[in-house]
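Q: Sharing a structure, written as structure tokens. Questions coming.
The values are calculated or read from the model by the stated rules, or taken from the named source; none is laboratory data. Remember, it's a predicted structure, so these values are computed and weren't measured experimentally. Neighbour counts run over all protein chains shown; Cβ positions are idealised from the backbone, glycine included.
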Amino acid sequence: MALKVRNLDPEGLAARYGITSGDEIIKINGYQIRDSFDLAYCSSEYQLNILLKTKAGTQKRVKIIRDSMLFLGIEPEPEPIRRCKNKCVFCFIDQMPPGLRKSLYIKDDDYLMSWEHGNYISLTNLSEADFKRIIDQHISPLYISVHTTDKALRQKMMGYRNDFDVLKTLKRLSRAGISFHTQIVCVPGMNDRIELEHTILDLTRTELNTLSIGVVPVGLTHFRSRLPELKPFDAHSATLLLSLIDILRQETQSDIIYAADEFFVLADKALPGRAYYQDYPQAENGIGLLSLLRAGFSRHKKEVIQTLDKQGADYLLLHSQAAAKEMHKIATQISSQLSKSTLSAKAVSNDFFGPHVTVSGLLTASDILCQHDSQPQQILILPSNMFNVDGYTLDGLDRETLAQKLGRKLLLSHPFFEEVG
């Protein structure tokens, strides 16, 4: 195995010492280089003895002395993503229709992406060599999908065949000094109530290096015709779950157990204060986003109002169902302080995926087109997180094309109001 060099910064050390694009890095200081993590892990020494395979196929040795502040400057070729082999009964990707962006159908289960990007992994596809590498190179913290610590139930829910004990594995990682954030996708009638209590009690054991426990509701779309029938959470079951988590936080004297925002919305319960979320370790999992929305608007309220009032325009703020209460309060505050402009707000339901999907990041262009109900002169404000990093919606429209189809000007609003434009 080797790591192929995709590009080089001309001002970096690698380029200065004769490494070129297309070279393959085989070893650094005797260590095999398999990927970008190995490159970062092995390239911090003062002296680097690098074994390369050139584009011509010959081996070459390069010695780099890091006697300056210059960086190495190597951009490696992207590594293949390790794919998930499980067949989880609640897998959201299995509930998506064909025809969306190709990248949306990638089921990753890659421990390096877990460490680098916070992607949740199952641990079930790791070999003994993978565990040894995680421990030896201290790849920590990891983000781990637990769902349940009951061995048989986890196998049933996640659809793997191998004999795997997640609690035993977490203990092993903890003994080696590896920490982890955990998530529980909670399915009514499967891993809720007593099962959820057992799982949380297991994860809060003192011998485990658990950094956080996020409990999120199962996400169900209406594209489940060939999948097992699952129940969604409702107001009653969400209320019971929140009560259970409150009790467990008190009994275990642990403040690392967090309930997803959707539970508070479903139960019509007030959101906890910011202290509940500490440093928001589960924000990428949708836990605490409404709290961050509230805090972000409070912090940027003046700039938002100034930005909108400059135009002397009529705005319609479109938002998700999950954020409806918070966005109504925000829109009322903005509107009351506009002197030249006007602003109203409207919740957009997710007709594309179904009524149980309520977050802004899963809104589609088709839902906006069908439900915007705006006047021709209005400027629409959309949540920016309904577009990916390349500027496309889930159903493949970019901002400009969507604006053309709407016949309206568009502004995008950062989820925490850090920017509107």
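Q: Output the strands (runs of 3 or more DSSP E) that fall wholly within segment 1-100 and possess 2 or more residues being among the polar types (S, T, N, Q) and surrounded by 15 or more Cβ atoms within 10 Å (Cβ to Cβ), or say none.
A: Where strands (runs of 3 or more DSSP E) fall fully within segment 1-100, none carries at least 2 residues being among the polar types (S, T, N, Q) and surrounded by 15 or more Cβ atoms within 10 Å (Cβ to Cβ).
Q: Just give me the residues in segment 357-388 being under 15 Å from LYS409 (Cα atoms) and either among the polar types (S, T, N, Q) or touching a Cys at 6+ places or on another chain (Cβ under 7 Å) (or both), in sequence order.
A: SER374, GLN375, GLN377, GLN378, SER384
Q: Right, here's the next one. Checking the conditions here, which among ILE135, ILE144 is touching a Leu at 6+ places or on another chain (Cβ under 7 Å) and assigned by TED's automatic domain parsing to the domain that holds ARG175?
A: After applying the criteria, what remains is ILE144.
Q: Then there's this: Identify all residues within segment 191-205 that are over 15 Å from LEU173 (Cα atoms) and in a helix (DSSP H, G or I); write none if there are none.
A: Result: ARG193, ILE194, GLU195, LEU196, GLU197, HIS198, THR199, ILE200, LEU201.
Q: Just to verify a result, which residue in segment 371-403, among those that are without any contact (Cβ under 8 Å) to a residue 40 or more places away in the chain and crowded, with 19+ Cβ neighbours inside 10 Å, is farthest from the chain's Cα centre (by Cα)?
A: In this case the residue turns out to be LEU402.
Q: Answer yes if at least one residue in segment 31-38 is polar (S, T, N, Q), within 21 Å of ALA129 (Cα to Cα) and in the same structural domain as PHE71 (by TED's automatic domain parsing), and no otherwise.
A: Looking for residues that are polar (S, T, N, Q), within 21 Å of ALA129 (Cα to Cα) and in the same structural domain as PHE71 (by TED's automatic domain parsing), one finds at least one in segment 31-38, hence yes.
Q: While we're on this one: Cβ-Cβ below 7 Å, separation at least six or inter-chain, first residue in segment 232-250 and in the same structural domain as LEU271 (by TED's automatic domain parsing) and of a type in the set (Gly, Ala, Ser), second assigned to a helix (DSSP H, G or I) and surrounded by 12 or more Cβ atoms within 10 Å (Cβ to Cβ): which pairs?
A: Short answer, once both residue conditions are applied: ALA235/LEU266; ALA235/ALA267; ALA238/PHE263; ALA238/LEU266; ALA238/ALA267.
Q: So which residues in segment 322-348 are surrounded by fewer than 17 Cβ atoms within 10 Å (Cβ to Cβ) and polar (S, T, N, Q), if there are any at all?
A: THR332, GLN333, SER336, GLN337, SER339, THR342, SER344
Q: Then there's this: How many of the residues making up segment 147-181 are under 23 Å from ASP192 (Cα atoms) and either in contact with a Gly (Cβ under 7 Å, 6 or more places away or on another chain) or buried (at least 17 other Cβ atoms within 10 Å of the Cβ) (or both)?
A: 15
Q: Could you tell me whether ALA235 is among the hydrophobic types (A, V, I, L, M, F, W, C), over 25 Å from the mean Cα position of the chain (by Cα) and within 22 Å of LEU271 (Cα to Cα)?
A: yes
Q: Which residues, counting only those in segment 191-203, are more than 18 Å from ALA260 (Cβ to Cβ) and either in contact with a helix residue (DSSP H, G or I) (Cβ under 9 Å, 6 or more places away or on another chain) or among the acidic types (Asp, Glu) (or both)?
A: Once the filter is applied, which keeps residues that are more than 18 Å from ALA260 (Cβ to Cβ) and either in contact with a helix residue (DSSP H, G or I) (Cβ under 9 Å, 6 or more places away or on another chain) or among the acidic types (Asp, Glu) (or both), segment 191-203 yields LEU201, ASP202.
Q: Another question about this same structure. Consider THR199 carefully, then state whether it is more than 21 Å from ILE287 (Cα to Cα) and among the polar types (S, T, N, Q).
A: no
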